[in-house]
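Enquirer: Input: one structure, supplied below.
Just so you know, all these numbers are worked out from the coordinates, no wet-lab data involved. Given the structure is predicted, the values throughout are model-derived calculations rather than measurements. Reconstructed Cβ throughout: ideal geometry from the backbone, glycine too, with neighbour counts over all protein chains shown.
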Amino acid sequence: MRITLKIWRQPNSTEPGAMVDYALDDVSEDMSFLEMLDVLNEQLISAGEEPVAFDSDCREGICGSCGLMINGQAHGPEVTTTCQLHMRSFQDGDEIVIEPWRADPFPVLKDLMVDRRAFDRMIAAGGYISVNTGAAPDAHAVPVPKEKADRAFDVATCIGCGACVAACPNGSASLFLGAKITHLGELPQGQAERDLRVVNMVGQHDLEGFGGCTNIGECTAACPKEIPLDVISRLNWDLHAALRHGH
Ligand code: SF4
Ligand code: FES
């Protein structure tokens, strides 16, 4: 396939950026999207030009580091991570526009790389849970009802990629936050600090500059792990309960 790429190039977080056009003449439909960018970078390096900076690590849909805005969609046209997207999702002759996540709390570091440490600070604000560590506890020492274990496990699949924020017109991180709050809030081990956790995490969310949720639902549509929208209801429920309890 021949494709044209329009890629956001920006030298650092303080200087302005611009879209730059590149042409690739021999793209296989079996390439992953990131392999296609690797080929572009090999060409740029051979030509003595600066390669395009982008993040990736596992390339298996696990680490959450590879998010890109592709033709205006977070992670591109499929419900998957950018690293699991393949060029067979595109046609010969296509023009593909590639941008970094666009959200104030995720400042661009360089080209397509953004700083997502706001997510780490939200997790840190959640604090700890009061369970003993050390030797593995006996199996079933803490009984967990099956439906709660299943729900906690489903939402624990959130990989912190940030697509929900990038897709949301409000730049809200409510889906990410709802997944984390629901994960621990379902489990008996997560009850002791449940009120404090939600108050502190929502406070950090707002401090970082993420917007509020207005039930648009773009977040869940863009989420590669299909985190459902109702985790945001759970988040609001827990927050109101914590406020009622005087936190
Ligand atoms: S909720 Fe989904 S889109 Fe948001 S950070 Fe988690 S995995 Fe990514
Ligand atoms: S590189 Fe790890 S999820 Fe894509």
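Enquirer: Taking amide hydrogens as modeled 1.01 Å from N in the peptide plane, which residues meet the under 5 Å criterion relative to L85, leaving out close sequence neighbours?
Expert: F33
Enquirer: Separate question: DSSP loop GluC sites (Glu not before Pro) in the range 175-247 with at most 11 other Cβ atoms within 10 Å of their Cβ, which ones?
Expert: E226
Enquirer: Let me ask something additional. Give me the angle, in degrees from 0 to 90, between the Cα long axis of helix 33-46 and the longest principal axis of the Cα atoms of the chain, rounded to the nearest 10.
Expert: 50
Enquirer: Oh, and also: Between V144 and R102, what is the label-point separation in nm under the 7 Å Cα-to-beta-carbon projection?
Expert: 3.9
Enquirer: Across the range 176-193, in residue order, what do the Karplus-derived ³J(HN,Hα) couplings come to in whole Hz, using 6.51 cos²θ - 1.76 cosθ + 1.60 with θ = phi - 60° and x for Gly and Pro?
Expert: 4, 5, x, 5, 5, 5, 5, 3, 7, x, 6, 8, x, 5, x, 7, 4, 9
Enquirer: Report relative contact order for the chain in percent, whole number only (criteria: Cα-Cα under 8 Å, sequence separation at least 6). Each step should come with its number before you reach the end.
Expert: On the way: 431 pairs, mean separation 48.1, N = 247.
This gives 19 percent for the chain.
Enquirer: Here is a follow-up. How many lysine pairs does the chain hold where the Cα atoms are under 20 Å apart and the two sit 8 or more places apart or on different chains? Don't skip to the end; give the middle numbers.
Expert: Values: K6/K110; K146/K180; K148/K180; K148/K225; K180/K225.
Lysine pairs, 8 or more places apart or on different chains, close enough: 5.
Enquirer: A further question on this structure: Please list, in order along the range 70-81, the HN-Hα scalar couplings obtained from phi with the Karplus expression 6.51 cos²θ - 1.76 cosθ + 1.60 (θ = phi - 60°), rounded to whole Hz, x for Gly and Pro.
Expert: Result, ordered by residue: 10, 6, x, 10, 5, 6, x, x, 10, 7, 6, 7 Hz.
Enquirer: Within the range 100-130, list the chymotrypsin sites (Phe, Trp or Tyr not before Pro) lying in a DSSP loop whose Cβ has at most 10 other Cβ atoms in a 10 Å radius. Could you put the intermediate results ahead of the total?
Expert: Values: sites: W101, F119, Y128; in loops: W101, Y128.
Passing both the DSSP loop test and the Cβ count: Y128.
Enquirer: Another one. Report, in degrees rounded to the nearest 10, the 0 to 90 angle that the Cα long axis of helix 146-155 makes with the longest principal axis of the chain.
Expert: 30
Enquirer: Can you give the FRET efficiency to the nearest 0.05 for I123 and H247, using r as the Cβ-Cβ distance and R₀ = 22 Å?
Expert: Details: r = 19 Å, r/R0 = 0.86.
E between I123 and H247, to the nearest 0.05, is 0.70.
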